[in-house]
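Before any comments, here is the structure.
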Amino acid sequence: MQYQVIRGKRKTLSLGINREGEIVVRAPNSVRDDEIADFVYRHRAWIAKQLTLRNRHPHFYDGDAVSLLGKQYVIAPGTRIRMAGDTLYLPQENREAALAALLKRLTRDRMKRLLDEIANREGFVYTKLTVTSSRGRWGSCGASRRISFSFRTAFLPDPLARYLAVHELCHTRHMNHGDKFWAEVERILPDYRALRDALKGYLWVMDCL
Ligand SMILES: [Zn+2]
């Protein structure tokens, strides 16, 4: 395993991955090379995990693959933002702002469709759908039954988006995460536990854009 060592006046060893995806060890001046090698070896599982997470993190460069609404796209340069077939055309200038605007539109359409479908079938009532830029939460439901979702949910596959829609709709009946709330979620989505767990694998989405 290759890594870069930065020595300095510090007391402990630390491990990190830099923007280029290289492993960087910060070490006190007094620590020997073999001790550093041993430290890196002992943390190999952590390193592997970080590198995997990094690979799944979309960067939005030309040629990168990105999954939107559960479908894979390859990014290509374009004069304006556009989805055609399995290509996502992005402008060179203000690429991230253009993408965020697109994800807001996609999120609104998908979540509105899901909310309306589930609400009509299950008899839920919500008053308004808002799309936010939240990095902290996927969605929320306010006291007046206003539901919001982060535009970052556009990176989630459909079953997880559906779980979020069910979750927030159930809050229109139970404004907490008590037993009655989860019983309601389970009635609609019997496998909600697996979906809730799978969602934890997507926390990296909160850091992009
Ligand atoms: Zn909740």
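The values are calculated or read from the model by the stated rules, or taken from the named source; none is laboratory data. Values in this document were obtained by computation on a predicted structure and should not be read as measured data. Every residue, glycine as well, gets a Cβ built from its backbone with ideal geometry; the counts of neighbours run over all protein chains shown. Surface areas here come from the heavy atoms of the whole protein model, side chains and all, with no ligands, DNA or RNA. Shrake-Rupley method; radii C 1.70, N 1.55, O 1.52, S 1.80 Å.
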Residue hits (the range 1-13; among the charged types (D, E, K, R) and not in a loop (DSSP other than H, G, I, E, B)) are ARG7
Test result for LEU169, assigned by TED's automatic domain parsing to the domain that holds GLY142 and closer than 30 Å to HIS59 by Cα: no
Note on the range 14-53: residues surrounded by 11 or more Cβ atoms within 10 Å (Cβ to Cβ), of a type outside the set (D, E, K, R) and in a loop (DSSP other than H, G, I, E, B) are VAL31, HIS43
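Within the bounds of the range 138-145, is there any residue that is of a type in the set (Ser, Thr, Tyr) and either more than 14 Å from the ligand (Cβ to nearest atom) or open to solvent by less than 10 Å² (accessible area, probe 1.4 Å) (or both)?
The answer is yes, given that some residue of the range 138-145 is of a type in the set (Ser, Thr, Tyr) and either more than 14 Å from the ligand (Cβ to nearest atom) or open to solvent by less than 10 Å² (accessible area, probe 1.4 Å) (or both).
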Over the range 100-151, the set of residues closer than 23 Å to CYS208 by Cβ, among the hydroxyl-bearing types (Ser, Thr, Tyr) and modelled with pLDDT of 95 or more is THR107, THR130, THR132, SER140, SER148, SER150
Return the only residue of ARG196, ARG187 being in a helix (DSSP H, G or I), open to solvent by 70 Å² or more (accessible area, probe 1.4 Å) and in contact with an Asp or Glu (Cβ under 9 Å, 6 or more places away or on another chain). ARG187
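Out of LEU156, LEU203, report the one residue that is away from the ligand (no atom under 12 Å from the Cβ) and either surrounded by 19 or more Cβ atoms within 10 Å (Cβ to Cβ) or more than 19 Å from the chain's Cα centre (by Cα) (or both).
Only one candidate passes the filter, namely LEU156.
Could you please find all residues in the range 4-13 being basic (Lys, Arg) and either under 27 Å from CYS208 (Cα atoms) or exposed (fewer than 12 other Cβ atoms within 10 Å of the Cβ) (or both)?
LYS9, LYS11
Is it true that some residue in the range 133-145 is assigned by TED's automatic domain parsing to the domain that holds ARG193, assigned to a helix (DSSP H, G or I) and farther than 21 Å from ARG193 by Cβ?
No, because not a single residue in the range 133-145 is assigned by TED's automatic domain parsing to the domain that holds ARG193, assigned to a helix (DSSP H, G or I) and farther than 21 Å from ARG193 by Cβ.
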Are any of the residues in the range 174-183 touching a helix residue (DSSP H, G or I) at 6+ places or on another chain (Cβ under 6 Å) and open to solvent by 30 Å² or more (accessible area, probe 1.4 Å)? yes
Filtering the range 65-114 down to residues that are in contact with a Phe, Trp or Tyr (Cβ under 7 Å, 6 or more places away or on another chain), open to solvent by 60 Å² or more (accessible area, probe 1.4 Å), without any contact (Cβ under 8 Å) to a residue 40 or more places away in the chain and not in a strand (DSSP E or B) yields ASP86
